[in-house]
Amino acid sequence: MTNFIDSISQRKAAIVVGIAFITLFLLLIVIDDFVLSNFIVPGDSAKLASDIMANEMRFGIAVAGLLIILTLDAVIALALYVVLKPANKNLASLTAVLRLLYVVTLAIGVFALVFQVIDVYSYETMRLNAFIFFTAHLFVLGYSIFKSGYIPKILGVSLIIASFIYIIVFYANFLVPEALLPILMVPAAIAEFSIGIWLLLKRDKIPEMKL
């Protein structure tokens, strides 16, 4: 597996990141705004079970969508490692590991929710734990990009800022009015989307690193 990843060129990996980011964002919009909206109200396992029975197809679509999103996250983690390793292999590895830990933690939460091992409140706790890894990933990714020398520093700075936005939204939301939380997420989403678009369009600027 490691040899296969290392054999992928930086420019091909950049294409993978770009396409995966675009697909991921489109899926998130569909799942969050249409499939899951007003579906499961936090409560106990009995309430969750009745919600699932009443909306089995919708719930199945949501779970499938979330698992596809997590798969794309894992692909992005590995592809970003390839893109960033010419600058600093250790930072590139840390970036990938943190995002993969986020994927694994959230996937466990999704499966536990599906099989009703946990209720929605417990799932939200696992989701918050997963976002600790994701927030750290964004910070390290931003720093790696800033230091890379071949990706615009502004993209790295925007990702570092995005990591602090996630801290506020998920762990310190008492500091800002609730109505402002969705607005805060906009620049964070733009920062993540921008790096995907830049890598897709400007992949020729990325140096190739031979084995």
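Here is a yes/no grid of residues against (1) of a type in the set (Gly, Ala, Ser); (2) open to solvent by 60 Å² or more (accessible area, probe 1.4 Å); (3) touching a residue at least 40 places away in the same chain (Cβ under 8 Å):
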residue: Ala62; (1), (2), (3): yes, no, no
residue: Gly65; (1), (2), (3): yes, no, no
residue: Leu70; (1), (2), (3): no, no, yes
residue: Ile76; (1), (2), (3): no, no, yes
residue: Tyr81; (1), (2), (3): no, no, yes
residue: Pro86; (1), (2), (3): no, no, yes
residue: Ala92; (1), (2), (3): yes, no, yes
residue: Thr95; (1), (2), (3): no, no, yes
Every residue from segment 182-211 that is surrounded by fewer than 17 Cβ atoms within 10 Å (Cβ to Cβ), over 18 Å from the mean Cα position of the chain (by Cα) and of a type outside the set (A, V, I, L, M, F, W, C): Lys202, Asp204, Lys205, Pro207, Glu208, Lys210
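With respect to Ile151, is the statement that it is out of contact with any Pro (no Cβ under 9 Å at 6 or more places or on another chain) and without any contact (Cβ under 8 Å) to a residue 24 or more places away in the chain true?
Details: out of contact with any Pro (no Cβ under 9 Å at 6 or more places or on another chain): yes; without any contact (Cβ under 8 Å) to a residue 24 or more places away in the chain: no.
So Ile151 fails the test.
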Please find, within segment 110-127, the residue that is surrounded by the fewest Cβ atoms within 10 Å (Cβ to Cβ) out of those that are part of a helix (DSSP H, G or I) and aromatic (Phe, Trp, Tyr). Tyr121
Looking for something free of Cβ contacts under 8 Å to residues at least 40 places away in the same chain, farther than 18 Å from Val75 by Cα, open to solvent by 30 Å² or more (accessible area, probe 1.4 Å) and not in a loop (DSSP other than H, G, I, E, B) - is there at least one such residue anywhere in segment 98-109? no
Would you point out the residue of segment 159-181, among those that are farther than 20 Å from Arg127 by Cβ and modelled with pLDDT of 90 or more, that is nearest to the chain's Cα centre (by Cα)? Leu159
Out of the residues in segment 146-159 that are open to solvent by less than 40 Å² (accessible area, probe 1.4 Å) and either part of a helix (DSSP H, G or I) or β-branched (Val, Ile, Thr) (or both), state the one that is farthest from Lys89 (Cα to Cα). Ser158
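The values are calculated or read from the model by the stated rules, or taken from the named source; none is laboratory data. Not measured: the values here are computed from a predicted model. Don't worry about glycine lacking a Cβ; one is built from the backbone with ideal geometry, like all the others, and counts go over all protein chains shown. Surface areas here come from the heavy atoms of the whole protein model, side chains and all, with no ligands, DNA or RNA. Shrake-Rupley method; radii C 1.70, N 1.55, O 1.52, S 1.80 Å.
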